[in-house]
Amino acid sequence: MSDWFDEFFEQAYNELMRPSWDAFDKCLVPLINIEDREEEIVVTVDLPFVESKDDIELNVTEDSLEITAKMREAIRWERWGASQRYLEFRTFRKSIRLPEKVDPEGSRAIFKNGILKVSIPKVRKRYTIKIL
Amino acid sequence: MPKEIKIVEKEGIKVDSPVVIEGFPDVGLVGTIAASHIVDQLGLNEIAYIESSVFPPVMVLHKGILTEPARIFGNEKILLVTSEIAIPPYVIYDLAKALADWFKKKGAKLVISLTGIPVQERMEIENPMVFGVGNGDDALSIIKRNNIETMEEGFIAGIYALLLKECLKRNIPAIAILAQSFLNYPDPGAAASAISSLNKILNMNIDVKPLLERADEIRVKARDLMRQTQGAMGAMKKPLETEIPLMYH
């Protein structure tokens, strides 16, 4: 099995062990789903409390995607967990390492009912093989 | 070897041919979200909890009070089983058997599981459709009588699939209500559709408007349970639910 496979599952495991929020940056880590299709990588992101596409910033490189989204109102947790701290979050933020090299310029995204869907085409070199 | 699972009842619970509603964490957390809303709307009290040495060593604090994560709420006519943590896949066989035994002991007349069925195009669906699965003729006739579309072909996986089977062995009619849902995201819209079908079956009027109004809040609060559940769903062969079985007649 490839190194990427091992790394992917290690990343998935680490993901579960990591808190889903960052109190210092006041941001929540959104739930994401990465679908590896034949021609493209499709990333969907759950963004409750995000009002419109204008509140979302997407940055794509050839092997990564960064999502930042502003919530329409701050989410507050009071007297929660061991620290009993007052926590407030205003933003979703997530950086994703993509499983394959992509063509950032061909990316497209839609945002509907609080779900963001980003489709990024893979960089693929195709050769036609002549049968002798 | 069977895992030890105990259902610990609070003193003085009285039931009379109750209907059981099951809403464990699963696809889109449809069952858990629906269960939590039903407890609120019907004002059900905690009447029992599920204890097992093979559950994760977790307890939950609510307003400073220590509670078990897997609990049963109810009144004389309704019992509702739910959990605030993902059920580990290695427990579900024994949990389904233990629950079905307990339902039999309580004289349950019908068991209804509320859950989601993943659909790829969920983002495009405004009102999720609901499908019913029954464990026998009685259960199927309830589904059809209430104009709920039956699922004719396909795989079902998870605790509700085993509950259908274990209830059948004990002659308890059981139904699974499957609402079209996101697989990996908490889906209050799908939970509302599942509750609407439950309303039809039980001739109740649980208002889903407050659930839909709080949808964003629920989606944020349920993220961690969804992350736990994602891990469990892979081991439960959940992706099979989107596959087509070999058909024969």
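The values are calculated or read from the model by the stated rules, or taken from the named source; none is laboratory data. What you see is a predicted model, and the numbers here were worked out from it, not measured in a lab. Cβ coordinates were reconstructed from backbone atoms using ideal geometry, including for glycine residues, and neighbour counts include every protein chain displayed.
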Going through region B:95-134 in order, the residues found to be out of contact with any Gly (no Cβ under 8 Å at 6 or more places or on another chain) and β-branched (Val, Ile, Thr) are B:Val111, B:Ile112, B:Ile117, B:Val119, B:Ile125, B:Val130, B:Val133
So which residues in region A:101-132 are of a type in the set (Ser, Thr, Tyr) and in a loop (DSSP other than H, G, I, E, B)?
-> A:Ser107, A:Tyr127, A:Thr128
Scan region B:44-59 residue by residue and report those that are under 20 Å from the mean Cα position of the chain (by Cα) and either under 18 Å from B:Phe24 (Cβ atoms) or among the β-branched types (Val, Ile, Thr) (or both).
-> B:Leu44, B:Glu46, B:Ile47, B:Ala48, B:Tyr49, B:Ile50, B:Glu51, B:Ser52, B:Phe55, B:Pro56
Mind checking which residues of region A:29-44 are surrounded by 16 or more Cβ atoms within 10 Å (Cβ to Cβ), more than 8 Å from every other protein chain (Cβ to nearest Cβ) and under 17 Å from B:Glu121 (Cβ atoms)?
-> A:Glu40, A:Val43
In region B:65-118, anything in contact with a Leu (Cβ under 9 Å, 6 or more places away or on another chain) and of a type in the set (Asp, Glu) is listed as B:Glu84
Might you check whether a residue that is free of Cβ contacts under 8 Å to residues at least 24 places away in the same chain, basic (Lys, Arg) and in a helix (DSSP H, G or I) occurs anywhere in region B:88-100?
-> no
Does B:Ala157 satisfy being surrounded by 15 or more Cβ atoms within 10 Å (Cβ to Cβ), assigned to a loop (DSSP other than H, G, I, E, B) and either out of contact with any Cys (no Cβ under 6 Å at 6 or more places or on another chain) or polar (S, T, N, Q) (or both)?
-> yes
Tally time: how many residues in region B:186-226 are more than 14 Å from chain A (Cβ to nearest Cβ) and of a type in the set (D, E, K, R)?
-> 3
Test B:Ile21 against the criterion of being modelled with pLDDT of 95 or more and either touching a strand residue (DSSP E or B) at 6+ places or on another chain (Cβ under 7 Å) or in a strand (DSSP E or B) (or both), and give yes or no.
-> yes
How about region B:64-87: which of its residues are over 19 Å from B:Leu225 (Cβ atoms) and either in contact with a Phe, Trp or Tyr (Cβ under 9 Å, 6 or more places away or on another chain) or part of a loop (DSSP other than H, G, I, E, B) (or both)?
-> B:Gly64, B:Asn75, B:Glu76, B:Lys77, B:Leu79
Candidate set from region B:126-153 (those that are more than 24 Å from B:Ala96 (Cβ to Cβ) and in contact with a strand residue (DSSP E or B) (Cβ under 6 Å, 6 or more places away or on another chain)); member that is surrounded by the fewest Cβ atoms within 10 Å (Cβ to Cβ) = B:Glu149
Residues of region B:160-200 being aliphatic (A, V, I, L, M), in contact with a Lys or Arg (Cβ under 9 Å, 6 or more places away or on another chain) and not in a loop (DSSP other than H, G, I, E, B), in sequence order, are B:Leu162, B:Ala174, B:Ala190, B:Ala192
